[in-house]
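What follows is a short report on a single structure.
Read the figures in this text as sums done on the coordinates, not as results from a lab. Bear in mind the structure is a predicted one, so any value in this text is a computation, not a measurement. Glycine also receives a Cβ, built like all others from the backbone with ideal geometry; neighbour counts cover every protein chain displayed.
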Amino acid sequence: MSNHEQPTSKSFNIIGTPVPLLDSGPKVTGEAKFTDDFQFTNTLVGKILRSPLPHARIKSISVAKALALPGVFAIVTGKDAPVRFGVLPISEDENAMAVDKVRYVGDPVAGVAAVDEATALRALQLIDVEYENLPVYLDPAASLTPAQEKIHEKSVRDTNIHKEVSQHFGNIEKARETAVASVSASFHFPGVTHAFTEPHAVVALFSDDGHLTVYSATQVTHYVHRALAKVLDMDMHRIRVIKPYLGGGFGGKGDPFAHEIIASLLARRTGRPVKITFDREEVFLTHHGRHPTTISLTAYADQDHHLTGLDLQTLIDGGAYAGFGVVTTYYNGVLTQGPYRVPNFRYQGTRVYTNKMPCGPMRGHGAVNSRYAFEVAIDMLAERLQVDPCVFRRDNFLPPSTETANQFRITSNGIATCLQEVMTRSHWQECYGKLLCGEGIGVGCGFYISGSALPIHRSDIPQSTVVVKVDADGKVVCFSGVTDIGQGANTMIAQCVAEILGLPLHWLRVHAGDTELAPIDFGSYSSRETFMGGNAACQAALQIREELTKAARELAGHPAGSFVFHDAKVTLQGLPAREFSFMDVVQRAIAHKGALVAKGSYESPQLGGSFKGAGAGLSPAYSFGACIARVSVDRETGFIRVRKVWLAHDCGKALNPLAVEGQIEGSVHMGLGQLLCENFHYQGATLTNANLLEYKTILPVDMPEVEAIIVESGDPEGPFGAKECGEGALHPVLPAVGNAIYNAIGVRFFALPITPDQVLSAMAKDKRG
Amino acid sequence: MILPEFTLHQPKSLAETLQIAQEFGGDSDFLAGGSDLLPNYKNRLNPKPHLISLQHVAELRARDVFTIGAMVTLQELIQRPLPDAAFPILPKVSKMIASPLIRTRATVGGNLLANNRCVYFNQSPFWHQAVGLCTKVGGEACKVVTGQKQCYATYCGDLAPVLMVLGATVLLQDRQKERRLPLIELYSGDGSRPHLLQQGELLVRIDIPQASVGLQVAYRKLRLRGSLDFSEAGVAVAARFSGKILSDLRIAVTGLAQAPLAFPEITKEFSGEPASEAMAQEISSRLARFIHPVKNLNFLPAYRKEMVSVFLRQIFREWC
Ligand SMILES: Cc1cc2nc3c(=O)[nH]c(=O)nc-3n(C[C@H](O)[C@H](O)[C@H](O)COP(=O)(O)OP(=O)(O)OC[C@H]3O[C@@H](n4cnc5c(N)ncnc54)[C@H](O)[C@@H]3O)c2cc1C
Ligand code: SF4
């Protein structure tokens, strides 16, 4: 079967049925082992010494006193691992520990392995580091100009600019000339972070023959595998990376990290297992979350109420390292246009280095801030044109099966249905423009990739490979590199295979997230697992079914018979009806051959244009979504109460509606957090709210009622028609609520978060102005 | 971050507790629910080598309509409804404190004696290494009100203002003596050492006078989220009504200064008049002179101060 032939049967057994995730039982009972739960004999505790300075040259490091402390087994520093790494091969600028200088408050400087945590902490205090202060860059604007001291050697010209992107499609000048309405606005978004439950953790151990096994709370075992091999100078076949049960990632565990390398170095040095588990402050400092960003844009519309142009500039504060930042810089632009037809589009994106925590991918990577900006601008345009903002959006949607100005191939597209659904259910027409003062309703839309079509490493390895094995016990075992980070990737693999083989879920076992047992998959980011891993799983399962069908034909004595696989039975179609148990068919199929083993894989089709940066944002499919929110604003206190959120998401096909609803609700939670509460506060270069009391995520009591609406456009290339739902659903939430606040009090917010004090002072200013 | 090392003492009686406290003096802290003390210990904020647990001291668990033992938990205030019939505000306020999980540990005594808060204080050793030390952690000067030696850390407890408007007194005891103070006199007004307990002195219980029965009481607190967050301004109001006419007005605030504040001189002037929003306005403008929050929590001082007026207005609006 080629990648593009999909099982399209309309009546499914287990696909489309709400099933609890396979890991929900073990997580509730405590049976599930997270990385920190692994206990090996003689394990040492690893701790990391971090820089208290934002930018400084290291003149010397003296570890003698710390090494002399009883119970300290080893200390490693930058010179023990001078090889640079980084998730993108085009911008490897990280060291496991600072080699020549430190670049942010929290930058790893040394690693200690000791008999227990108290000893390790004491040892950290005994390490003497002599620093020489360097000029500090905190304001991203200051990084645009020639730098007295570049943060990295490899930045643009003599500045601290990390990446510049410049794109122009169509002719923005023409859009400007023909516009009857235009809106220009500037926005500021502070950084926000993932705030996942489980802190980063790693256990590294070497076997006597020098083989390294690393347990890590990671979203991508493959990238950790590569980075370890590179920095430790080991062959990849001498390393195994295992991702145990994982307590949330949201992008924050998507890079290979210093602590994974440090634990491995310490394990190699001591010959003992070494475990590093972060405290919450370290999680915050390690960050890799959403970039602080300043966005300026102008949007144009013509007399037919068509969006004719978007002119967008972003200044993205990357913090101290590159990470996924090149991708972020592109995504801020290229993922803004959809779900609308924008014939003329110009984008100037700049990501700079500063001496702050490194930023990276976070749910909705790269596109959340610019989505808010564009959707607010669209509302302003609609107002200027005196047209209902829903109608204006609807009149500008991309149709299915089309191409965007920058040559994204759009296939399935349920955006019109999404908007219609939220409008109907929220009684938009009866509410919009008719609510009391202080009450508001607002709308926002969005779209997102279903996996990046281009791998980050140049290679011919398929993006996902799944092996399925069936032996005499009848158990169907799936080996997959997909990384279940709580989103249900393992359950998804099991469902795909179970559907094709007509089995209940308990027949299946999934071994995933282990580089030794499972074939390569590029992991859990860019919303790729369902589309890519799912397709690979289906392909493998279809081959198994082919083998079983041959066996069933033999059993039935019907060489051309076709069979239905259902309820662990295999039934001959037509008369005379013959039925075999799944087990009988398996026994026949493996006779004289041994276990059935099949392999499926997925590779994206060739897509996109040939201009510079054409690969960014390319995806085999795009998800779409629309959101409407109702809010009340207390005009005395400035408090915003989000009363209800209707969020419709086109995920192609909900393989597991329970999981999709969970993702939609989680998206509302995360979106509201960034919009209303979450913020980083600094004292100079140091984060002052590196804990979950002062970093304000939305709490359960503050969650509004959420109506999660699943829209199924049936993607022609997705497994059973499925696309992503983990990230795209987040995008429309922020602008919908932001626009609802405007609708309630007549004040627009161009900076987040919209806290009660901001609301009051903005209302006061509005009155004065 | 793990806890620092300490010796845990678990006395079984009041007498034994006071004896241990005398023995270790300044080298010890009392441990009630630990929900305020232990986070500070983890951050190495003035930890002591001896912790004296009050968990097994039955004398601290007294509970009837007018008496609350120091070791009564906030959860108990919420769940044991009978004695609260006279003061329904107590379970109401308790529900506004911290989170359900924390309230099962958190005690009334610990709440009244919880440490003051400041962004420069409630931080880790690493943070203090990066940013530097202020007065409250052994440094030279305050970082909020620069140039001052004094500490402005804010008292944020929620029960104190409510118990203050209920006219509560506290019973304190050490090895030598027992003494009773009006609750407000427990607080020093110094952000570094916010309470006036003497070395080895224990808060035994809180008493509310019978005369407070029949007071109308309301409490509002400013916090960004509907749970977990500390008060950044809290206003408690109590008064008696006959018809619309108000008497015996009391107001206390928290989250705005180094100690909870009460304003008997101002509030007594409003007796005998009908309650109104205009009255709330008048009171607010009189209080304003005494409320000067500093920039050491999340919300800006001006907003925290403004919310005092808003809360008073809202409470009066509900009452009249
Ligand atoms: C996430 C979080 C949120 C919180 N939110 C709030 C909030 O919204 N409002 C609020 O008011 N508080 C809040 N708190 C603080 C704290 O939980 C409460 O104040 C609680 O009531 C403290 O009681 P405890 O028994 O845990 O005190 P402990 O931590 O045990 O003690 C606090 C202090 O009082 C001393 N002490 C305790 N009992 C006695 C006694 N009988 N005699 C003498 N000294 C004594 C201790 O030595 C210590 O110095 C929060 C805490 C956390 C961690
Ligand atoms: S108010 Fe001043 S002295 Fe007190 S904790 Fe804050 S910074 Fe330190």
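Brief remarks on what is shown
- Furthest towards positive pole of dipole, A:522, B:90, A:113, structure part the protein assembly as shown, Cβ charges: B:90
- Other protein chain C-beta atoms within 10 Å of residue C-beta, averaged over B:126-136: 5.
- Peptide A:682-690 is shielded by partner chain Cβ atoms: per residue, an average of 4 of them sit within 10 Å of its Cβ.
- CD proxy at 222 nm, helix term only [per DSSP H run n ≥ 4: -39500 (n - 2.57); per residue of the protein assembly as shown; nearest 500]: -7500 deg cm²/dmol
- For the peptides A:167-177, B:156-166, the ranking by packing is B:156-166, A:167-177, with the highest mean count of neighbouring Cβ atoms within 10 Å listed first.
- For residue A:387, neighbours were defined as the other residues whose beta-carbon sits under 13 Å from its Cβ, and their charges (Lys and Arg +1, Asp and Glu -1) total -3.
- Summarising the amide proton neighbourhood of residue A:87: residues at separation of 5 or more, or on other chains, whose placed amide H is nearer than 5 Å comprise A:323.
- By average C-beta atoms within 10 angstrom, highest first, the peptides A:375-385, B:240-250: A:375-385, B:240-250
- Both radii are taken from the alpha-carbon atoms of the protein assembly as shown; with Rh as the Kirkwood radius, Rg/Rh is 1.00.
- Per residue, the Cα convex hull of the range A:220-267 amounts to 79 Å³.
- Sequence of A:670, B:279 once ranked by neighbouring C-beta atoms within 10 Å, starting from the fewest: B:279, A:670
- The lysines whose alpha-carbon is closer than 22 Å to the alpha-carbon of residue A:475, local same-chain residues fewer than 8 away aside, are A:550, A:569, A:593, A:599.
- Amide H to amide H distances under 5 Å link residue A:688 with A:681, A:682, A:683, where only residues 5 or more positions off or on other chains count and H is placed in the peptide plane.
- Across the range B:286-292, computed HN-Hα scalar couplings (Karplus, 6.51 cos²θ - 1.76 cosθ + 1.60, θ = phi - 60°) run 6, 5, 3, 5, 9, 10, 9 Hz from first to last residue, x flagging Gly and Pro.
- Between amide H atoms placed 1.01 Å from N, distances below 5 Å from residue A:192 occur with A:290, all of them 5 or more places distant or on a separate chain.
- Estimated vicinal HN-Hα couplings, Hz - the range B:250-259 in sequence order (Karplus 6.51, -1.76, 1.60; Gly, Pro = x): 9, 9, 9, 10, 9, x, 10, 8, 5, 9
- Per-residue 3J(HN,Hα) values for the range A:391-400, derived from phi via the Karplus relation 6.51 cos²θ - 1.76 cosθ + 1.60 with θ = phi - 60°, read 5, 4, 4, 4, 6, 10, 5, 5, x, x Hz in sequence order (x marks Gly and Pro).
- Residues of type lysines that residue A:243 reaches as a straight line, Cα spacing below 16 Å, ignoring anything fewer than 8 places off in the same chain: A:27, A:33, A:253, A:275
- Counting Cβ atoms of other protein chains within 10 Å of each Cβ in B:222-230 and taking the mean gives 5.
- Gyration tensor (alpha-carbon) shape descriptor, the range A:367-408, a/c threshold 1.5: oblate
- DSSP beta bridges in the range B:1-125 [antiparallel fraction, %, rounded to 5]: 30
- Based on Cα contacts under 8 Å between residues 6+ apart, the range A:112-231 shows a relative contact order of 9 percent.
- Cβ-based net charge around residue A:496, under 13 Å, with every Lys or Arg adding one and every Asp or Glu removing one: 0
- Highest average packing first - A:464-476, A:444-456, Cβ atoms within 10 Å: A:444-456, A:464-476
- Within chain A, A:359, A:390, A:418, A:431, A:437, A:445, A:478, A:496, A:538, A:627, A:677 have no other Cys Cβ under 4.7 Å of their Cβ and so lack a disulfide-compatible partner by this rule.
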